[in-house]
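First comes the structure, then the notes that go with it.
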Amino acid sequence: MSKQHITATVNGDEVEFLCDTRETLLDCLRDHAGIMGVKEGCGTGDCGACSVTLDGRLVCSCLVLGVEADGAEIGTVEGIAEGEKLHPLQRKFIEHAALQCGICTPGILVAAKNLLEKNPDPTETEIRYWLAGNLCRCTGYDKIVRAVMDAAAEMREAS
Amino acid sequence: MNYHRPTSFEQASTIAGASDGTIRFLAGGTDVLVQLRADILTPDDLIDIKHIPGVKDISRTDDGGWRLGVAVSGAEMTEHAELSAEWPGLVEGMDLIGSTQVQGRATLAGNLCNGSPAADSVPGMIAAGCTATVTGPNGSREVPVEEIPTGPGKTVLAKGELISAITIPARGANGGDAYLRFIPRTEMDIAVVGCAVNLRLDGDTIAQARVALGAVAPTARLVAECADAIIGTTLDDATLDGLAHAASAACSPIDDKRGTIEFRTHVAGVLAKRAAKIAYDRAKGASA
Ligand code: FES
Ligand code: FES
């Protein structure tokens with residue numbers, strides 16, 4: 001079948017691309033829309049590096065087809081900072097050294113932000129379960145969890 | 001691969017019936033896309049059923065049960081307070097599948113049609129007495145969930161047929177359900193054994209019960225002997241031993257790296273006891 005014309009909103013901006021029906025949203029974002037913050041780890045839904053929000057829901061973009069995203073609103077790590085101003089999660093990840101190689105980080109930031117929107121005051125256990133689908137081979141997770149808790153506390157104070 | 005976006009189940013059925021290649025229906029895609037990516041299966045026709053009206057709805061049936069659209073995700077079920085309060089076991093079974101990201105897409109009907117004997121949502125649906133609406137070229141019919149899978153990766157669905165809704169019966173008074181599974185880690189794994197119990201009390205006595213086992217046979221199974229072992233009792237220790245015995249006797253599992261035949265058979269009995277106690281307490285009013 002010929003390529004399909006897809007229009008979606010990515011981080012608030014309208015994006016158009018042509019995609020083959022077999023291409024995943026992950027491939028489309030990276031190869032056709034130039035959104036390089038979405039990372040590919042496993043490609044089969046196990047690692048969470050490709051996490052994005054699709055109409056507000058946290059999903060693995062490797063388990064979504066590009067054609068399914070027509071008309072959808074997609075959120076990636078590129079939409080988290082406001083211009084030059086980092087999101088509290090991003091600042092706290094730097095402060096707590098919650099990343100080393102960084103390949104898991106965009107997915108974890110998108111997942112953590114989605115959690116805090118639903119639950120501004122999560123327990124450590126809730127954070128660990130929520131992020132269970134985001135694998136990190138470098139940090140050992142503790143620093144990530146502490147960074148998320150610290151960011152959540154700061155955001156609660158600010159609101 | 002042709003991608004289709006029907007706007008009715010009849011249309012979806014017609015597309016599937018007319019295809020002379022392999023077809024797959026796409027709801028959450030958490031199994032289909034993995035198969036596609038791993039080059040296990042590339043359908044000739046992929047039929048996305050998420051644009052059919054009503055597929056995202058969780059609604060009350062006239063008799064006080066629930067009707068779930070086939071694209072309702074696990075996360076949407078867990079977030080539904082009333083559904084979770086009435087059927088905590090069924091909802092927990094679904095919630096145990098995969099990560100937060102997978103929960104955002106995975107569906108009950110998809111878990112059922114994927115046909116895995118270890119599917120976590122299926123024992124809970126069977127114990128609850130759920131039915132699947134099967135729509136095909138000759139119209140629609142209601143099929144008990146336990147009759148849908150016929151073996152690993154296989155279902156009764158004929159060419160051109162698909163599930164168009166899942167119906168949960170009315171909870172009614174003094175009822176409770178529970179699902180437990182054994183996995184060697186705390187999260188994100190496939191059940192080695194799963195067991196769901198659903199029961200209704202008359203005073204302290206169990207008046208009705210349904211018990212289903214997963215991952216211990218080629219399909220998830222409704223085990224009448226387990227229900228018979230607890231009906232008419234107050235779930236005393238001797239009854240629980242009888243239940244465990246009936247559950248173990250119903251197993252015909254495989255030996256694999258996740259569990260031996262002996263282990264699975266034993267654990268089925270242990271989980272049946274524990275799940276029955278939780279369901280009993282819930283029927284007595286304990287909240288989930
Ligand atoms: S790349 Fe999508 S989950 Fe690993
Ligand atoms: S920082 Fe390297 S995988 Fe997480």
The ³J(HN,Hα) series, computed from each phi in region B:99-115 with the Karplus coefficients 6.51, -1.76 and 1.60 at θ = phi - 60°, rounded to the nearest Hz and given as x for glycine or proline, is 7, 3, 5, 5, 4, x, 10, 5, 10, 4, 5, x, 4, 5, 6, 4, x
Provide Rg over Rh for region B:1-49; use the alpha carbon set for both Rg and the Kirkwood Rh (inverse mean inverse pair distance).
-> 0.96
Find which of A:CYS101, A:TRP130, A:VAL52 sits farthest along the positive direction of the dipole of region A:43-138, computed with +1 on the beta-carbon of Lys and Arg, -1 on that of Asp and Glu, about the Cα centre.
-> A:CYS101
Could you give the alpha-carbon Rg of the protein assembly as shown over 2.2 N^0.38 Å, rounded to two decimals?
-> 1.01
Provide the solvent-accessible area of B:ILE47, counting protein heavy atoms only and rolling a 1.4 Å probe, rounded to the nearest 10 Å².
-> 0
Of the candidates B:PHE263, B:CYS226, B:MET125, the farthest towards the positive dipole end of chain B (Lys/Arg Cβ +1, Asp/Glu Cβ -1, centred on the Cα centre) is B:PHE263
Given a 1.4 Å probe and every protein chain left where it sits, what share in percent of the accessible area of the protein assembly as shown is carbon and sulfur?
-> 50
Normalised by the residues of chain B, what does the relative contact order come to in percent, with Cα pairs under 8 Å and at least six apart?
-> 16
Counting only residues 5 or more apart in sequence or on a different chain, those whose built amide H sits under 5 Å from that of A:VAL10 are A:VAL15, A:ILE74
Quick calc, region B:1-49, dipole around Cα centre from Cβ unit charges on Lys, Arg (+) and Asp, Glu (-), nearest 20 debye, gives 140
Sorted from largest down, give the three principal axis spans of the alpha carbons of region B:1-157, whole angstrom values.
-> 44, 34, 28
Could you please put B:GLU92, A:GLU95 in sequence from largest to smallest accessible area, using a 1.4 Å probe?
-> A:GLU95, B:GLU92
Taking every alpha carbon pair in chain B and sorting the distances into 10 angstrom bins from 0 up to the bin holding the longest one, the percent per bin comes out as 7, 30, 35, 21, 7, 1
For region A:141-146, Karplus-derived ³J(HN,Hα) couplings (6.51, -1.76, 1.60; θ = phi - 60°; whole Hz; x for glycine and proline) come out as 6, 4, 5, 5, 4, 5
Test item: B:32-45 mean partner chain Cβ contacts at 10 Å | 3
Could you state the accessible area per residue of region B:85-164 in Å², with a 1.4 Å probe and every protein chain left in place?
-> 30
Sequence-separation-based contact order of region B:1-49, relative, with Cα cut under 8 Å and 6+ spacing, percent = 59
Among B:THR42, B:GLY28, B:HIS4 the positive-end extreme of the charge dipole of region B:1-49 (Cβ point charges) = B:GLY28
Could you give the size of the charge dipole of region B:117-251 about its Cα centre, using +1 on the Cβ of each K and R and -1 on the Cβ of each D and E, expressed in debye and rounded to the nearest 20?
-> 560
Most fluctuating residue given options B:GLN208, B:GLN35, B:GLN103, as computed from a GNM of chain B linking Cα atoms under 10 Å = B:GLN35
Starting from the Cα coordinates of region A:3-78, work out the convex hull volume and express it per residue in Å³.
-> 71
Give me the angle, in degrees from 0 to 90, between the Cα long axis of helix B:237-249 and the longest principal axis of the Cα atoms of chain B, rounded to the nearest 10.
-> 40
Do you know the relative contact order of region A:1-144, to the nearest whole percent, from alpha carbon pairs under 8 angstrom that are 6+ apart?
-> 24
Could you give the dipole magnitude of region A:88-158 about its Cα centre, charging the beta-carbon of Lys and Arg +1 and that of Asp and Glu -1, in debye to the nearest 20?
-> 240
The long-range amide H neighbours of B:TRP66, using H built 1.01 Å from N in the peptide plane and a cut-off of under 5 Å, are B:THR61, B:ILE168
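The values are calculated or read from the model by the stated rules, or taken from the named source; none is laboratory data. Please read these numbers as outputs of a predicted model, since none were measured by experiment. Positions of Cβ are generated from backbone atoms using ideal geometry, with glycine treated the same way; all protein chains shown enter the neighbour counts. Heavy atoms of the whole protein, side chains included, go into the accessibility calculation; ligands, DNA and RNA do not. Shrake-Rupley method; radii C 1.70, N 1.55, O 1.52, S 1.80 Å.
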